[in-house]
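A short reminder: the numbers here are calculations on the coordinates, not readings from a lab. Everything numeric here is computed off the predicted structure, so don't read it as measured data. Heads up, the Cβs are rebuilt from the backbone with ideal geometry, glycines too, and the neighbour counts pull from every protein chain shown.
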Amino acid sequence: MDPAASLLLGELIRSQSVASLATLRDGLPFASMVPYAVWHDASGDRLLFVTHVSRLSAHTRDMLESPQVCLLIMAPEATSDSEPVPPQALPRVSIPAVASFIDREHADHRQLAKAYLEKFPFAADWFQLGDFSIVAFAPSGSARFIAGFARAMTVSVAQLQAAVGGAAS
């Protein structure tokens, strides 16, 4: 991946606040929307996407049954003030991942909660509700990045980590 594509990928991931989440329900694909934050461990070796979900949600039950998921992060469509871009040219990345529920006693819970709440401070009260949990998505294989029209590429986990560059969002 060239430096310009890496820069675009990192900016896309850091600048967006929601991802489409694909889970399996009864063997069939199901898509929902989740807010996410990005977290790196102190060494920068682990990149996680962090969300906070209610156990009452269908996608939460899906992840508990089958933790293999996929996140799709996409640039927004053009506004009336910007130059139109064909939908096929919108930058986007599809990231296969494994979902892990992080309980309050987990060593990373405090840092993951902090990363999430820095991006979504309005969610602080939800951390007091018993049915909500932090879920960390660890990239589990090559991602597929579309940098624009006819600019598709496969991105390794290492390239994904480098693109995000350790900047928490």
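Where Lys and Arg each count +1 and Asp and Glu each count -1, what net charge lies around THR23 among other residues with Cβ under 15 Å from its Cβ? Could the numbers behind the result be given before it?
On the way: positive: ARG25, ARG55, ARG61; negative: ASP26, ASP62, GLU65.
Within the 15 Å Cβ shell, the charges total 0.
Which FRET efficiency, nearest 0.05, do ARG46 and SER82 yield, Cβ-Cβ r, R0 35 Å?
Step by step, r from the Cβ atoms, then E = 0.50.
In whole Å, what are the extents of segment 11-115 along the principal axes defined by its C-alpha atoms, from largest to smallest?
The Cα atoms of segment 11-115 stretch 48, 38, 22 Å along the principal axes, largest first.
With bins 10 Å wide starting at 0, give me the P(r) of segment 79-169 over every alpha carbon pair, in whole percents.
That works out to 14, 32, 30, 20, 4, in percent per bin.
Can you give the FRET efficiency to the nearest 0.05 for ALA124 and ARG104, using r as the Cβ-Cβ distance and R₀ = 22 Å?
0.90
Of the chain, which part is the longest with no GluC sites (Glu not before Pro) in a loop (DSSP not H, G, I, E, B) and with at most 16 other C-beta atoms within 10 angstrom? Numbers along the way, then the final one.
On the way: sites that count: GLU77, GLU105.
Segment 1-76 is the longest.
Give, as ranges by residue number, the residues of segment 34-64 whose backbone N falls under 13 Å from the point 7 Å along Cα→Cβ of ALA138.
41, 45-49
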